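A.B. asks: Structure incoming, see below.
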Amino acid sequence: MFDKVKKSGNNIAKGSFFSKYFAVFSAVIIVCMLIIGIFLLFFTVDYWRDTKLELLQKNVVNMANTTAVSLKQAEMLNDWERAAIVVCSSLYQISDSLEADFFVCNMNGEVVFCKDVLSPDLSLTDSGHCLFHNNYKLKSSTITKASKGGFALFSTLDGIYADLHAVAIEPVILDDKVTGLVVATAPVMNELVPYALKVLGMFLMASSLSLILISIAVYIFTDRLTKPLRAMAQATRHYAQGDFSFRVQLKGNDELTRLVTDFNAMAKSLEALESSRRSFVANVSHEFKTPMTTIGGFINGILDGTIPSEKQEYYLGIVSDEVKRLSGLVNTMLNISRIETGNVELVYESFNLTELILSVFLGFEQIIENRGINIFGLDFLEPMVINADKDMINQMIYNLIDNAVKFSNDNGDIIITASQTPSDISLSIRNSGSGIPKEEIENIFERFYKVDKSRSSDSKSVGLGLHIIKSIIELHHGSINVKSFENEFTEFLIALPKSVK
């Protein structure tokens, strides 16, 4: 997915942002699992308690019915021993199956039937009493409450047990009269703790496996999420060293992909700017070096007598022209600096834009005649009054016409047209010639940018004219566009408001 990313850069990034991101994700997952585990534990305990009480209560009701039926038959048959065997046998079976203790109490709270009264052959013991339950006795409050209706709860059963038990009590009703109570008890801790530990163990196994799988997924997700960030960090190190060719590669259609796309676009702009800057430095150095060499050579020739006195005035004229050219270049650079830093204060005044255009064209009259260039459209220009900074607009018009003249072919054509509305002025300047390559049109307004020198006669330009034009137009809240066809023409379309105040 990514290329040109050094391992060292990745390791540095992984040691910081990646590790923190992964640690936060893992911590959140572990905390969530702990919370789920705690809720599961409470749910398990409540479920066991409810289930245990419900089971005891359901069976204690059945046992109460069985006891009532057995006592009724014993009364009818006068066979109390048989009834005792049936009741105690039932108590034994149900106690054994539910791992609980079922017994029957009389209305004094004393145990009269229990599972321990039976001998191994399912007959009554010789004593007919149970030593284990002999000391069990319910309080009168419990007897009264149970007589009104069965209930189930967790208690020590009136202090009979030292620890908490699940307790269910149901009255035995015979001939519409409560004759006894069936009591069922089951220890809590002996059953609940193993049950909870078993459920908790299953949860820990499942959560551990889930944690491993989630950690792997989070690691992969975090790595993919932070990989472009590490690549961009690596790219910035390249840019800091002056290498703007580095690009971050990422496939997808999400916010991160758009961020990388914008980052690469920024890198492309920086690369173009750096290339233009280097070209600008080279061209400006050449522009300064050539006239200074000329000036120095001619002045030295005058001083040492190499140039005869009768030709000194001629060569001083050349020196003067070179000084003016240097001054113009310096002024251009200063203007760009002021415009870009926002230190330009526009001085608005109303003037005739048509007169300004004609005046600028007159300055190029000699060059136009020497190259046989034909000018069309000046005769059709109507007076156009605009409220703007006259010096700025003059420089903008001068640069446009200078650009059209320089890039027109010999004996070519320059066509100027203009129109106006109550609020705006539209101006078009077209020149025939080699045109601008399609792939370079989007860059021609950049600072220091020059179209391929092999396509133009402007070998001395430093690529600032069109940038100044656009800057001045934007200062006046206007717009500029360009149309060009190679080996045919280039046309600049300008729109300016008549007043920006």
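A.B. asks: Which residues, taken from segment 424-442, are in contact (Cβ under 8 Å) with a residue 24 or more places away in the chain and not hydroxyl-bearing (Ser, Thr, Tyr)?
C.D. replies: Passing the criteria: ASP424, ILE425, LEU427, ILE429, ARG430, ASN431, GLY433, GLY435, ILE436, PRO437, LYS438, ILE441.
A.B. asks: So is ILE375 outside the structural domain of GLU446 (by TED's automatic domain parsing) and either at pLDDT below 85 or not in a helix (DSSP H, G or I) (or both) or not?
C.D. replies: So ILE375 does not fit the description; no.
A.B. asks: Being more than 24 Å from LYS470 (Cβ to Cβ) and of a type in the set (Phe, Trp, Tyr) narrows it down to one of PHE361, PHE298, so name that one.
C.D. replies: PHE298
A.B. asks: Name every residue in segment 257-277 that is within 20 Å of ILE441 (Cα to Cα) and out of contact with any Gly (no Cβ under 9 Å at 6 or more places or on another chain), in order of residue number.
C.D. replies: Matches in segment 257-277: ALA265, MET266, ALA267, LYS268, SER269, LEU270, GLU271, ALA272, LEU273, SER275, ARG277.
A.B. asks: Return the pair list, or none, for Cβ contacts closer than 6 Å from residues in segment 308-335 that are part of a helix (DSSP H, G or I) to residues that are among the polar types (S, T, N, Q), at least 6 apart or on different chains.
C.D. replies: GLU322/THR294
A.B. asks: Every residue in segment 208-251 that is farther than 30 Å from LEU34 by Cβ and among the hydrophobic types (A, V, I, L, M, F, W, C), please.
C.D. replies: LEU229, ALA231, MET232, ALA233, ALA235, ALA240, PHE244, PHE246, VAL248, LEU250
A.B. asks: Ok, one more. Mind telling me which of the residues ILE368, ILE416, ILE393 ends up being surrounded by 17 or more Cβ atoms within 10 Å (Cβ to Cβ), assigned by TED's automatic domain parsing to the domain that holds THR490, within 18 Å of GLU488 (Cβ to Cβ) and aliphatic (A, V, I, L, M)?
C.D. replies: Answer to the selection: ILE416.
A.B. asks: Let me ask you something else. Scan ASP163, ASP158 and give me the residue that is in contact (Cβ under 8 Å) with a residue 12 or more places away in the chain, surrounded by fewer than 16 Cβ atoms within 10 Å (Cβ to Cβ) and assigned to a loop (DSSP other than H, G, I, E, B).
C.D. replies: One residue alone meets the criteria, ASP163.
A.B. asks: Any residue at all in segment 252-259 that is aliphatic (A, V, I, L, M), more than 30 Å from CYS32 (Cα to Cα) and surrounded by 13 or more Cβ atoms within 10 Å (Cβ to Cβ)?
C.D. replies: yes
A.B. asks: Looking at (1) out of contact with any strand residue (DSSP E or B) (no Cβ under 6 Å at 6 or more places or on another chain); (2) modelled with pLDDT of 85 or more; (3) more than 30 Å from MET189 (Cβ to Cβ), which one does ASP96 not meet, given that it meets all the others?
C.D. replies: (3)
A.B. asks: While we're looking at this one, here's another question. Please enumerate the residues belonging to segment 60-77 that are touching a helix residue (DSSP H, G or I) at 6+ places or on another chain (Cβ under 6 Å) and not hydrophobic (A, V, I, L, M, F, W, C).
C.D. replies: The answer is THR66, THR67, SER70.
A.B. asks: Mind listing whichever residues of segment 144-196 are touching a strand residue (DSSP E or B) at 6+ places or on another chain (Cβ under 9 Å) and of a type in the set (Ser, Thr, Tyr)?
C.D. replies: SER147, SER155, THR156, TYR161, THR179, THR185
A.B. asks: Find the residue count for segment 213-248, including only residues that are outside any helix (DSSP H, G or I) and either surrounded by 15 or more Cβ atoms within 10 Å (Cβ to Cβ) or not charged (D, E, K, R) (or both).
C.D. replies: 7
A.B. asks: Criterion first (under 20 Å from ASP96 (Cα atoms) and surrounded by fewer than 14 Cβ atoms within 10 Å (Cβ to Cβ)) does PRO187 satisfy it?
C.D. replies: no
The values are calculated or read from the model by the stated rules, or taken from the named source; none is laboratory data. These numbers come from a predicted model, not from an experiment. Please note: Cβ atoms are built from the backbone with ideal geometry, for glycine as well, and neighbour counts cover all protein chains shown.
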